Amino acid sequence: MKFKLIIDKEADEEVVAKVHRRWALIDEIEALVLKHAGADRIAGYSEDDIKLLAFSDIECVTVLDGKTYAIDSHNRRYRVKQRLYELEKALPSSFIRINKSAIANENRLERFAVTYSGAVDAVFKCGYTEYVSRRCFAQIKRRFETK
C-alpha cells in the first residue's frame, strides 16, 4: 500500500483512496475524514431545542407520517429537515437501508429478531425496533457474509 500527500493551499481539499475492496481500515479512514471535515453531524429538532446529532449516536433514520426522524442512542426522536434519500448519500457506509422508509446504523444494531409471522425486525441497542423488508434483509445478509 502506498501513501501520497500533496499540500496545495490553492486547491480544494479532497481525500481519494484507491483500494481493491472495502475493509475495516477503509471504514475507519472514511469515518476519520468525515469527522474532521465537519460532515459528521446533522441537526435534529425536538419540541424545545435543536441538537447536533453525531452520526455515531444515531441508531436509525426513519420516516413517520411523512416526516423524517433520527432515533438517537437514548431512543429519542429528532426531526431532521433532509429527506431520506439525501441522508442516505450523506451518511457513512455503516448506515444500511433496512426498508423503504428506514436506514439503520449497523454499528448500533443489536440483533435481528424473527416475528411469529416470519417477518424480521431490527432491534437496536436503545431498544427501538424497525421492520426489515425481505429485499433489504437479503442484501444485509450478503453484506455481512462478505465481511
Pairs returned, first residue in segment 125-138 that is without any contact (Cβ under 8 Å) to a residue 40 or more places away in the chain, second residue that is part of a loop (DSSP other than H, G, I, E, B), beta-carbon separation under 8 angstrom, 6 or more apart or interchain, are TYR131/ALA119; VAL132/ALA119; SER133/LYS100
Of (1) within 23 Å of LYS141 (Cβ to Cβ); (2) at pLDDT 90 or above; (3) in a loop (DSSP other than H, G, I, E, B), ALA104 satisfies every one except (3)
ILE98 fails exactly one of the following numbered conditions: (1) of a type outside the set (S, T, N, Q); (2) within 28 Å of TRP23 (Cβ to Cβ); (3) assigned to a loop (DSSP other than H, G, I, E, B). What is the number of that condition?
(3)
Which condition breaks for ALA122 when tested against (1) closer than 22 Å to ILE42 by Cα; (2) under 16 Å from the mean Cα position of the chain (by Cα)?
(1)
Check segment 66-78 and report whether any residue there is farther than 30 Å from LEU25 by Cα, touching a residue at least 24 places away in the same chain (Cβ under 8 Å), surrounded by 15 or more Cβ atoms within 10 Å (Cβ to Cβ) and in contact with a Gly (Cβ under 7 Å, 6 or more places away or on another chain).
yes
Please pick out the residue among GLU28, GLU59 that is among the acidic types (Asp, Glu), surrounded by fewer than 15 Cβ atoms within 10 Å (Cβ to Cβ) and not in a loop (DSSP other than H, G, I, E, B).
GLU28
Considering every residue within segment 93-102, establish whether at least one is surrounded by 12 or more Cβ atoms within 10 Å (Cβ to Cβ), charged (D, E, K, R), in contact with a Cys (Cβ under 6 Å, 6 or more places away or on another chain) and in contact (Cβ under 8 Å) with a residue 60 or more places away in the chain.
no
Of (1) more than 25 Å from ALA102 (Cβ to Cβ); (2) out of contact with any Ser or Thr (no Cβ under 9 Å at 6 or more places or on another chain), TYR45 fails just (1)
Can you work out which of the residues in segment 107-147 that are of a type in the set (A, V, I, L, M, F, W, C) and not in a strand (DSSP E or B) is farthest from ASP65 (Cα to Cα)?
PHE144
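The values are calculated or read from the model by the stated rules, or taken from the named source; none is laboratory data. Since the structure is predicted, the reported quantities are computational estimates derived from the model, not experimental observations. So basically every Cβ, Gly included, is an ideal-geometry build from the backbone, and we count neighbours across all protein chains shown.
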